[in-house]
Amino acid sequence: MISGPWRATSSETNEAGGGRVVDSEGMSRPITSTLLITGAALTVVGGIIGLAGAAVTTIGAVTAARRRIEQMDTPPSELARRQWRRARTAVTAGTGAWRNGDLSTVP
C-alpha cells in the first residue's frame, strides 16, 4: 500500500529518463517520467481521434437523415399532424363511450 508524502531526489536518475522517489519510510522506488509522458500523449492523441470519429459519424447521420426527409412524399411535420389528429379523435371517441356507458361496440 502506498501512503505518505513523496519527494523526488534529483541526485539519482535512471536510463529511462526518470528518477527515484523516496517515501516517508525511506523506501526508494523508480519513476520513469518518459513512460508517463508517452502514456499521457497517447491518451490525448486517442481522445482527439475519438472526437474526430464522433464528428464524422454525426455528420454522416445528419446527411443521411436530410436525404431521407427530402425523398419523402409527405413532410414529417404533416405526418405528425395527421397522427396527432387521429390520436385526438380516438381519445375523444373513447372518452365519449366510457362516459355514456356505450358497450354496443365491445365484443
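Every number here is computed from the coordinates shown, using simple stated rules; none is lab data. All values reported here derive from a predicted model rather than from experimental measurement. Cβ placement follows ideal geometry from the backbone for every residue including glycine, while neighbour counts extend to all protein chains displayed.
Would you say I59 is in contact with a helix residue (DSSP H, G or I) (Cβ under 9 Å, 6 or more places away or on another chain) and in a helix (DSSP H, G or I)?
No: the conditions fail for I59.
How many residues does segment 68-96 hold that are loosely packed, with under 10 Cβ neighbours inside 10 Å and part of a helix (DSSP H, G or I)?
Of segment 68-96, the ones loosely packed, with under 10 Cβ neighbours inside 10 Å are 70-71, 73-74, 77.
Of the ones still in play, those that are also part of a helix (DSSP H, G or I) are 70-71, 77.
The number of residues fulfilling the criteria is 3.
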